[in-house]
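The values are calculated or read from the model by the stated rules, or taken from the named source; none is laboratory data. Since we're looking at a predicted model, the values are computed, not measured. All Cβ positions, even for glycine, are placed from backbone atoms using ideal geometry, and neighbour counts span all protein chains on display. Surface accessibility is based on the protein's heavy atoms, side chains included, excluding ligands, DNA and RNA. Shrake-Rupley method; radii C 1.70, N 1.55, O 1.52, S 1.80 Å.
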Amino acid sequence: MPVRSAAPSHAPRQAQGSRLPDNARVRAALDWFTPNISWVNDQQVRITEIPAPPFQEAQRAAAVKESLAEAGLTAQIDRTGNVIGELRGVNEKEIVAIAAHLDTVFPPGTDVKVHREGSRMAAPGISDNGTGVAALLALARAVQFAHVKPQRTILFVGDVGEEGEGNLRGMRAIVDTYRGKLKAVVVLDGSGTDHVTTKALASRRLEALITGPGGHSWSDFGMPNPINALVRGSVRFINTKVPASPRTTFNIGQIEGGTSVNSVPHEARLKVDIRSESEDELTRLESALRECIAAGVRDEMDSARDRSKGKLEWKVELLGSRPGGEMAADSPLLAALRAADEVVGNQSRIERSSTDANIPLSLGIDAISIGAGGSGGGAHSLQEWYDSAGREAGLKRVLLTILGISGVAEEKSR
Ligand SMILES: [Zn+2]
């Protein structure tokens, strides 16, 4: 057997994924899910009913911290507002993180009461990311119940700032704090088991603001109007050509300004989301937005009948930027996911998307984003729903992936 003994040292970890269920403790953790599914569903309802608008995740974070502590993890909330529960490994110098974002897109005051009917639940945020957070709590329970001792330390993270204008600040802080030790990040976002995001879609969010003196609709007619300028600039911008490949998109998602129908407004603003498989295209599109807004202002000033009544100012600001990146096809993390898929009889298609995984991926740290099982739909809408049927397979897939990449301490024979 000389060939086998000459195998490279990383071989055991590669192979561990498929051997994991042979470990009695891992098996006990896997077996924890099915009899406890109604507990997991109840957790999802409880978490979803605690509002977590962007920048207001504290109440939900406190509840998640308490649950991780109850599961037996050392839990804390960091300065950014992330919840971190630690399961110490044999090797504390290497860390893998499993993270679910706590925040929703919904503003304060949104009715987040969950309506249940059999295995189906409906409420804003129930799937994105009630599913991920409930899975995080379930995984912590399962590994602690089964006394699984990982090789590498595992951090169970409920992170802030994934949605809206959060700009991934929670994940940025996690990566910043643990950089150097952080070997892999598994992001749980929403439901499903059909995909694995290994490629980070780069995006930028921009706000254009045009201001002017403002006045009366009748007596100040002819004064340059910020809304007119914004509309002129917007029309130019939406006529910008973007390539199909590398796929590049833009969306004017918000537009506001003015105070009443019979006033010349003193300001107008719009928010734009641009995404691309290419950073160069993003840069080009960002410049195009600036040029179009400048041109819109110029057009409006040129056509203003009474320029003595003041001039318009404009600026375009970057609200947030998500860097791109890609994980190597032969990465140990993808191998761990594939091995997990094999055990649960699942198949995953590789996707490019914009998630918390963008941050580690952009820095060359292995990271994936996956669903946490079951099925769901209507994300970011008031009609959002989740169906827990079959969620066990999703939970097992996540558990095997995370333990596949953390490694598990050998069982001692007595
Ligand atoms: Zn999400």
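Laid out as a table, the results:
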{"item": "Selection count, the range 317-353, where residues are open to solvent by less than 20 Å² (accessible area, probe 1.4 Å) and within 13 Å of the chain's Cα centre (by Cα)", "result": "1"}
{"item": "Qualifying residues in the range 115-142 (those that are more than 13 Å from Gly378 (Cβ to Cβ) and part of a loop (DSSP other than H, G, I, E, B)) - the one most open to solvent (accessible area, probe 1.4 Å)", "result": "Gly118"}
{"item": "Breaking point among (1) under 30 Å from Gln347 (Cα atoms); (2) within 16 Å of the ligand (Cβ to nearest atom), for Thr248", "result": "(2)"}
{"item": "Within the range 205-224, considering residues that are surrounded by 22 or more Cβ atoms within 10 Å (Cβ to Cβ) and under 28 Å from Asp273 (Cα atoms), the one nearest to the ligand (Cβ to nearest atom)", "result": "Ala208"}
{"item": "The range 360-414: number of residues that are at negative phi and in a loop (DSSP other than H, G, I, E, B)", "result": "17"}
{"item": "Tally of residues being open to solvent by 10 Å² or more (accessible area, probe 1.4 Å), in contact with a strand residue (DSSP E or B) (Cβ under 7 Å, 6 or more places away or on another chain) and within 16 Å of the ligand (Cβ to nearest atom) across the range 164-189", "result": "3"}
{"item": "Number of the condition not met by Ala69 [criteria: (1) in contact with a strand residue (DSSP E or B) (Cβ under 7 Å, 6 or more places away or on another chain); (2) within 16 Å of the ligand (Cβ to nearest atom)]", "result": "(2)"}
{"item": "Single residue of Ile370, Ile402 found to be under 28 Å from Val105 (Cα atoms), surrounded by 15 or more Cβ atoms within 10 Å (Cβ to Cβ), within 15 Å of the ligand (Cβ to nearest atom) and not acidic (Asp, Glu)", "result": "Ile370"}
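One line per residue, one yes/no per condition, for (1) open to solvent by less than 30 Å² (accessible area, probe 1.4 Å); (2) modelled with pLDDT under 95; (3) among the polar types (S, T, N, Q); (4) in a loop (DSSP other than H, G, I, E, B):
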{"position": "Asp31", "(1), (2), (3), (4)": "no, no, no, no"}
{"position": "Ser38", "(1), (2), (3), (4)": "no, no, yes, no"}
{"position": "Gln44", "(1), (2), (3), (4)": "yes, no, yes, no"}
{"position": "Ile50", "(1), (2), (3), (4)": "yes, no, no, yes"}
{"position": "Gln59", "(1), (2), (3), (4)": "no, no, yes, no"}
{"position": "Val112", "(1), (2), (3), (4)": "yes, no, no, yes"}
